[in-house]
Amino acid sequence: MAKEITVHSVLNKQKRRDDWFLCDYSMNPYEGCQFNCVYCYVHGSKYGEKMAEGIAVKWNAPTILDRQLKARAEKKEYGIIAVGSATDPYMPIEEERQITRRCLEVILKRKFPIGVTTRSPLILRDLDILREIGKSAILPEDLKEKGIPGVIISSSFSTVDEQVAKIFEPGAPRPLARMEFLKKCKDAGFMVGANFMPLLPYISDTEESLDSMVRMAKEHGLDFTFVSGLTLYGDGPADCKTKYYKALEANFPELVEKTRALFAGNFAPPGNYQGKLDEMARRMCEKYGMRYHILPAGRKS
Ligand code: SF4
């Protein structure tokens with residue numbers, strides 16, 4: 001049973017615009033996530049520190065969001081809001097509670113642009129309101145000049161191999177189902193993309209795996225993609241580092257030591273690892289004619 005929590009703030013202003021998702025704000029209608037991915041960075045990182053156990057519904061989020069967006073709009077501080085940066089805004093509970101939908105209504109009223117990241121086809125329910133947001137959103141001038149729309153929809157993938165997904169994302173909709181709903185969003189006129197993150201070391205960060213991921217994105221008509229590596233935090237039993245190594249031991253025991261060596265006691269692989277992923281992904285994107293990053297020119301790697 002989900003807890004109900006009262007929030008005093010639901011809109012977070014970023015110190016600077018995120019140059020991957022182009023967002024200036026983020027908001028999460030829920031705490032926790034029913035999809036329970038083994039590697040979910042929220043468990044063990046600073047983002048999960050103040051979270052309630054299990055799932056919590058921010059029942060008053062739409063009211064608080066309205067108040068906060070009104071104040072930002074009065075100062076003309078428009079910017080993209082990342083909806084679902086530390087939860088999935090369309091996890092199963094949303095079907096009944098509709099907190100995300102009610103927040104979208106507020107976002108529409110206040111004319112803010114958004115980037116929604118989800119793994120769930122439940123987003124298709126809200127295409128009506130997303131379409132309206134796309135028509136009325138006020139974008140920061142520089143993004144408007146670059147042709148960025150008022151709504152960007154994306155889904156994250158750690159793999160497109162259904163067997164691997166079953167191990168590391170047992171509660172989430174399967175990769176093919178995600179590609180299929182993204183295609184429907186694209187067909188409905190939205191900008192859509194696949195965030196290939198976190199790529200799993202020695203499992204989905206290989207040339208072969210990335211090739212099938214980018215090819216699949218292209219085949220489903222997606223607009224952009226980008227890649228990022230895995231981060232592992234915390235030593236507690238529910239923390240992602242502990243859970244990830246447990247899953248490796250059970251399913252890929254030969255990779256345990258190699259993975260530990262790659263991380264070398266840190267929360268992420270060394271800096272040149274992301275550089276190699278970027279280089280590989282750019283090549284695949286060139287091969288399949290995909291855009292690498294939402295704003296290719298603006299991305300620093
Ligand atoms: S879908 Fe995203 S937020 Fe939910 S558990 Fe998986 S990684 Fe975490």
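What to note about this one:
- Failed condition for Ala73, given (1) within 15 Å of the ligand (Cβ to nearest atom); (2) modelled with pLDDT of 95 or more: (1)
- Segments classed as helices (runs of 4 or more DSSP H), wholly inside segment 158-220, with at least 2 members that are crowded, with 17+ Cβ neighbours inside 10 Å and within 13 Å of the ligand (Cβ to nearest atom): 162-168, 175-187
- Among the numbered conditions (1) within 15 Å of the ligand (Cβ to nearest atom); (2) modelled with pLDDT under 95, the only one that Asp19 does not meet is (1).
- Residue that is nearest to Thr6 (Cα to Cα), among those in segment 50-65 that are more than 16 Å from the ligand (Cβ to nearest atom) and surrounded by 19 or more Cβ atoms within 10 Å (Cβ to Cβ): Ala61
- Within segment 113-134, residues that are in contact (Cβ under 8 Å) with a residue 24 or more places away in the chain and over 20 Å from Gly79 (Cβ atoms) reach partners that are crowded, with 17+ Cβ neighbours inside 10 Å and β-branched (Val, Ile, Thr) with beta carbons closer than 7 Å, at six or more positions or on different chains, in the pairs Ile123/Val116; Ile123/Ile153.
- Whenever a residue of segment 217-245 is on the phi > 0 side of the Ramachandran plot, its partners that are in a loop (DSSP other than H, G, I, E, B), lying with C-beta atoms within less than 7 angstrom and at least six residues away or across chains, give the pairs Gly234/His43; Gly234/Gly44.
- Among residues of segment 78-98, those that are in contact (Cβ under 8 Å) with a residue 12 or more places away in the chain, more than 12 Å from the ligand (Cβ to nearest atom) and assigned to a loop (DSSP other than H, G, I, E, B), counted: 2
- Looking across segment 182-212, the residues that are among the aromatic types (Phe, Trp, Tyr) and over 15 Å from the mean Cα position of the chain (by Cα) come down to Phe190, Tyr202.
- Restricting segment 242-301 to residues that are of a type in the set (Ser, Thr, Tyr) and part of a helix (DSSP H, G or I), the residue that is farthest from Glu208 (Cα to Cα): Thr242
- Taken over segment 221-241, residues that are out of contact with any Lys or Arg (no Cβ under 8 Å at 6 or more places or on another chain), surrounded by 16 or more Cβ atoms within 10 Å (Cβ to Cβ) and in a loop (DSSP other than H, G, I, E, B) amount to 3.
- Candidates Ile114, Ile123, Ile148, Ile152 - the one that is crowded, with 16+ Cβ neighbours inside 10 Å and either within 16 Å of the ligand (Cβ to nearest atom) or over 19 Å from the mean Cα position of the chain (by Cα) (or both): Ile123
- Residue list for segment 141-157, restricted to those being out of contact with any helix residue (DSSP H, G or I) (no Cβ under 7 Å at 6 or more places or on another chain) and either assigned to a helix (DSSP H, G or I) or within 19 Å of Gly84 (Cβ to Cβ) (or both): Glu141, Asp142, Leu143, Lys144, Glu145, Ile148, Ile152, Ser154, Ser156
- Residue list for segment 26-41, filter: crowded, with 24+ Cβ neighbours inside 10 Å and more than 10 Å from the ligand (Cβ to nearest atom): Met27, Pro29
The values are calculated or read from the model by the stated rules, or taken from the named source; none is laboratory data. On a predicted model such as this, the values are computed, not experimentally measured, just so you know. Cβ sites come from the backbone with ideal geometry, for glycine too, and all protein chains shown count toward neighbours.
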